[in-house]
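The values are calculated or read from the model by the stated rules, or taken from the named source; none is laboratory data. Owing to the predicted nature of the structure, the values given are computational and were not obtained by experimental measurement. Backbone-built Cβ (ideal geometry, glycine too); neighbour counts: all protein chains shown. We work out accessible area using only protein heavy atoms, side chains counted, and drop any ligands, DNA or RNA first. Shrake-Rupley method; radii C 1.70, N 1.55, O 1.52, S 1.80 Å.
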Amino acid sequence: MLQITHLTINIVDEDLLRDISFSLDGKTKNRIAIVGKNGCGKSSFLKTIIGEVSPTEGEVTVHH
């Protein structure tokens with residue numbers, strides 16, 4: 001399960017993502033796509049999920 005609660009990612013005084021919340025359960029075979037223009041925060045979002053980057057605000061919970 002992946003749960004994102006009120007996630008904000010701020011890099012160099014610019015919000016890449018602001019107040020994002022959603023959850024995915026591990027029981028179904030969910031597929032998601034992360035799309036956007038260069039520099040909009042896709043890689044930073046994924047790095048936050050795996051714990052490589054700390055969120056500015058909010059919480060990421062991953063249950064295996």
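Does any residue in region 21-47 that is over 15 Å from His64 (Cα atoms) and free of Cβ contacts under 8 Å to residues at least 24 places away in the same chain come within less than 6 Å, Cβ to Cβ, of a residue that is open to solvent by less than 80 Å² (accessible area, probe 1.4 Å) and in a loop (DSSP other than H, G, I, E, B) six or more places away or on a different chain, and which pairs are these?
Lys42/Ile34; Lys42/Gly36; Lys47/Val53
So in region 17-29, with the set limited to residues that are modelled with pLDDT under 90 and open to solvent by less than 80 Å² (accessible area, probe 1.4 Å), which one is farthest from Glu59 (Cα to Cα)?
Checking each candidate, the answer is Thr28.
So for region 52-61 (the condition being in contact with a His (Cβ under 8 Å, 6 or more places away or on another chain) and either part of a loop (DSSP other than H, G, I, E, B) or open to solvent by less than 60 Å² (accessible area, probe 1.4 Å) (or both)), does at least one residue qualify?
Looking for residues that are in contact with a His (Cβ under 8 Å, 6 or more places away or on another chain) and either part of a loop (DSSP other than H, G, I, E, B) or open to solvent by less than 60 Å² (accessible area, probe 1.4 Å) (or both), one finds at least one in region 52-61, hence yes.
State which residue is most open to solvent (accessible area, probe 1.4 Å) when the search covers only region 1-14 and only residues that are out of contact with any Lys or Arg (no Cβ under 9 Å at 6 or more places or on another chain) and either touching a residue at least 24 places away in the same chain (Cβ under 8 Å) or not in a strand (DSSP E or B) (or both).
Going through the qualifying residues, I end up with Asp13.
Pick from region 15-51 the residues that are among the hydrophobic types (A, V, I, L, M, F, W, C) and in a strand (DSSP E or B): which of them is nearest to Met1 (Cα to Cα)?
Across region 15-51, the extreme among qualifying residues is Leu24.
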